[in-house]
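Undergrad: Structure incoming, see below.
The values are calculated or read from the model by the stated rules, or taken from the named source; none is laboratory data. Quick caveat, the model's predicted, so the values are computed rather than measured. We place every Cβ from the backbone using ideal geometry, glycine too, and count neighbours over all the protein chains shown.
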Amino acid sequence: MRRFFHDKMLNPVRPLRDPKTALQEWAQARGLPPPSYRQSGRAGPDHAPIFIMEVSVNGYETAVAQGSSKRFAEQASAQKFLVRERVWEEGE
């Protein structure tokens, strides 16, 4: 079994943690309340909406990003926050 997964485990195709999880863990490690997400806008037609989401962490500037779903927009705003605070590299 190990021979099938060994290389995949050592070289994952995507990050092991998604940006929302990483941001929540980062905040928790600093004794901060969990990040909060808020939809601040929506654009585009009903069949192809673009959601604009903000993520807030106490004591830090809000990060805003957009995506084709609320979930994608939340992930993008969390990643933007983490990159800005130098927790993640841009390409992670």
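Undergrad: Quick test of your reading of the structure: Trp88 fulfils all but one of (1) modelled with pLDDT of 95 or more; (2) closer than 14 Å to Leu23 by Cβ. Name the failing condition by number.
TA: (1)
Undergrad: Being surrounded by fewer than 17 Cβ atoms within 10 Å (Cβ to Cβ) and assigned to a helix (DSSP H, G or I): is that true of Phe72 here?
TA: Values: surrounded by fewer than 17 Cβ atoms within 10 Å (Cβ to Cβ): yes; assigned to a helix (DSSP H, G or I): yes.
Yes: the conditions hold for Phe72.
Undergrad: Under 6 Å between Cβ atoms, which residue pairs at least 6 apart in sequence (or on different chains) link something in the range 13-35 that is assigned to a loop (DSSP other than H, G, I, E, B) with a partner that is surrounded by fewer than 17 Cβ atoms within 10 Å (Cβ to Cβ) and modelled with pLDDT under 95?
TA: Pro15/Glu92
Undergrad: Within the range 42-63, count every residue that is in contact (Cβ under 8 Å) with a residue 24 or more places away in the chain, over 12 Å from Leu82 (Cα atoms) and in a strand (DSSP E or B).
TA: Number of matching residues: 1.
Undergrad: In addition: Within the range 75-92, work out how many residues are part of a loop (DSSP other than H, G, I, E, B) and of a type outside the set (D, E, K, R). Break it down into steps so the answer makes sense when it comes.
TA: Restricting attention to the range 75-92, the residues satisfying the condition of being part of a loop (DSSP other than H, G, I, E, B) are 85-92.
In the following step, the residues that additionally are of a type outside the set (D, E, K, R) were identified as 87-88, 91.
Adding up the residues that qualify gives 3.
Undergrad: A further question follows. Looking at (1) modelled with pLDDT of 95 or more; (2) within 19 Å of Arg71 (Cα to Cα), which one does Asp18 not meet, given that it meets all the others?
TA: That leaves (1) as the condition not met.
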